[in-house]
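The values are calculated or read from the model by the stated rules, or taken from the named source; none is laboratory data. Everything numeric here is computed off the predicted structure, so don't read it as measured data. Cβ placement follows ideal geometry from the backbone for every residue including glycine, while neighbour counts extend to all protein chains displayed.
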Amino acid sequence: MLYNRVLITGANGLLGQALVHRLSRFPEYDVLATARDDAPRFTGGSCGYAPLDVTRPPDVEAIFEDFTPNVVVNCAALSDTSRCAEDPETAWAVNAEAVRTLAHCCRSIGARLVQVSSDFVFDGRDGPYAEDARPNPVNEYGRTKLAGENAVREAGPSKWAIARTVLVYGTAEAMSRSNVVLWVLNELSQNRPIHVVEDQWRTPTYVEDLAAGIERMLHFEKTGIYHLSGRELITVYDLACRVAEVFNLDASLIHPVASDFFDEAVSRPPRTGFLILKAESEIGFKPRSLREGLRHLAGEIDHPVAS
Ligand SMILES: NC(=O)c1ccc[n+]([C@@H]2O[C@H](COP(=O)([O-])OP(=O)(O)OC[C@H]3O[C@@H](n4cnc5c(N)ncnc54)[C@H](OP(=O)(O)O)[C@@H]3O)[C@@H](O)[C@H]2O)c1
């Protein structure tokens, strides 16, 4: 059997953990999971583990020398939009410069690089977007992610791919960052009222579907950009209501508001979301419906659902 030696960066994050578990199901992948921590935060998963801060070029080079990957999936990112605005230096180092380092290392050994990117590369004026839509980020996070997309091409012609995604929900072990669905669930479970924007549209993505889509990209050795998200374009307010419905919680606690209700310095694209026909037809990407994704998540976190 031909083994694909896969290096995963940011493997302790939400997507990183899901990808480790997904690839562990297939004997064709020999995985080295890496993250900043001394030890993995996940349990299970048949893979090696090594600490790696992607912003340290000598450490990245050493991992490449030791493991000699055929393919690298970069899940490391500063993915919190507000933190990117507060700390642009770190955001550029992780989301853009580190991608260039990874691309150069890939180029030097002929490895492929799959970069995970975001709907925030778009301005959100006319989503849902296809892969060939013109990026125009409106905040620092989006600008750094777009720079990362440009850097990945330095891995070499037909050696790069970009998996863009949208509002990812799901669970992982010892998460450093929550997500909208878990936040809504947590607040409503404690009967706390919440305000949720009704003027931001997204196609929410279940993390396990995203990991499955990336595995398909690896399997088919795809080059270029792929949009991997759920199919349903809904507002974040409607998403919160769907969470209440599926988890049998009190939807009257959810109050719809406009984005300017929050005193936030960061602007967010109003209407993103993706068209996923390319991924469906080329790699057989089959995301669950939002209801199915939420019900699956309920099983993962052992939470009762509405019948
Ligand atoms: N979550 C979403 O809604 C969403 C939407 C669109 C696109 N994306 C993209 O999806 C990808 C995965 O995001 P995610 O949702 O899994 O976010 P996440 O849970 O925040 O995972 C990112 C991981 O990267 C790690 N990291 C940060 N700086 C690093 C460094 N210097 N070296 C190594 N690792 C580093 C973080 O470590 P710590 O845990 O120690 O901080 C974290 O575990 C990112 O490219 C993100 O931009 C996410």
Only one of Asn12, Asn95 is near the ligand (Cβ under 8 Å from one of its atoms), not hydrophobic (A, V, I, L, M, F, W, C) and not in a loop (DSSP other than H, G, I, E, B), namely Asn95
The number of residues in region 67-83 that are away from the ligand (no atom under 14 Å from the Cβ) and out of contact with any strand residue (DSSP E or B) (no Cβ under 8 Å at 6 or more places or on another chain) is 0
- Query: within 16 Å of the ligand (Cβ to nearest atom), of a type in the set (D, E, K, R), surrounded by fewer than 19 Cβ atoms within 10 Å (Cβ to Cβ) and under 24 Å from Val20 (Cα atoms), is that true of Arg177?
  - Reply: yes
Those residues of region 266-303 which are of a type outside the set (A, V, I, L, M), part of a helix (DSSP H, G or I) and over 17 Å from Arg134 (Cα atoms) amount to Glu280, Ser281, Glu282, Arg291, Glu292, Gly293, Arg295, His296, Gly299, Glu300
Counted residues in region 80-101 being buried (at least 24 other Cβ atoms within 10 Å of the Cβ) and either small (Gly, Ala, Ser) or free of Cβ contacts under 8 Å to residues at least 12 places away in the same chain (or both) come to 2
Kindly establish whether Val71 is touching a residue at least 40 places away in the same chain (Cβ under 8 Å) and either more than 22 Å from Asp209 (Cβ to Cβ) or hydroxyl-bearing (Ser, Thr, Tyr) (or both). no
Among the residues of region 30-41, the number that are part of a loop (DSSP other than H, G, I, E, B) and surrounded by fewer than 20 Cβ atoms within 10 Å (Cβ to Cβ) is 5
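Do the conditions hold for Ala18, that is, is it assigned by TED's automatic domain parsing to the domain that holds Arg100 and more than 9 Å from the ligand (Cβ to nearest atom)?
Details: assigned by TED's automatic domain parsing to the domain that holds Arg100: yes; more than 9 Å from the ligand (Cβ to nearest atom): no.
The answer is no for Ala18.
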Quick one: is Pro69 over 20 Å from Ile162 (Cα atoms) and either in a loop (DSSP other than H, G, I, E, B) or assigned by TED's automatic domain parsing to the domain that holds Leu210 (or both)? no
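Go through Ala258, Ala251, Ala211, Ala279 for me and flag whichever is at pLDDT 95 or above and out of contact with any helix residue (DSSP H, G or I) (no Cβ under 9 Å at 6 or more places or on another chain). Even if it seems obvious, please write down each step before you answer.
Details: Ala251 fails: out of contact with any helix residue (DSSP H, G or I) (no Cβ under 9 Å at 6 or more places or on another chain); Ala211 fails: out of contact with any helix residue (DSSP H, G or I) (no Cβ under 9 Å at 6 or more places or on another chain); Ala279 fails: out of contact with any helix residue (DSSP H, G or I) (no Cβ under 9 Å at 6 or more places or on another chain).
Unique residue meeting the criteria: Ala258.
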Checked Asp238, Asp199, Asp263 against criteria (farther than 18 Å from Thr165 by Cβ, modelled with pLDDT of 95 or more and part of a loop (DSSP other than H, G, I, E, B)); the one match is Asp199
Exercise. Please work out if Glu264 is exposed (fewer than 14 other Cβ atoms within 10 Å of the Cβ) and either of a type in the set (Gly, Ala, Ser) or over 17 Å from the mean Cα position of the chain (by Cα) (or both).
Key: yes
Given (1) more than 9 Å from the ligand (Cβ to nearest atom); (2) part of a helix (DSSP H, G or I); (3) closer than 23 Å to Glu221 by Cα, Pro27 misses just (2)
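Got a sec? Which of Ala147, Ala151, Ala172, Ala163 is among the small types (Gly, Ala, Ser), touching a residue at least 24 places away in the same chain (Cβ under 8 Å) and either under 28 Å from Ile254 (Cβ atoms) or assigned by TED's automatic domain parsing to the domain that holds Arg288 (or both)? Walk me through it before giving the result.
Working: Ala147 fails: either under 28 Å from Ile254 (Cβ atoms) or assigned by TED's automatic domain parsing to the domain that holds Arg288 (or both); Ala151 fails: either under 28 Å from Ile254 (Cβ atoms) or assigned by TED's automatic domain parsing to the domain that holds Arg288 (or both); Ala163 fails: either under 28 Å from Ile254 (Cβ atoms) or assigned by TED's automatic domain parsing to the domain that holds Arg288 (or both).
Just one listed residue meets the conditions, Ala172.
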Counted residues in region 37-59 being within 9 Å of the ligand (Cβ to nearest atom) and of a type in the set (Val, Ile, Thr) come to 2
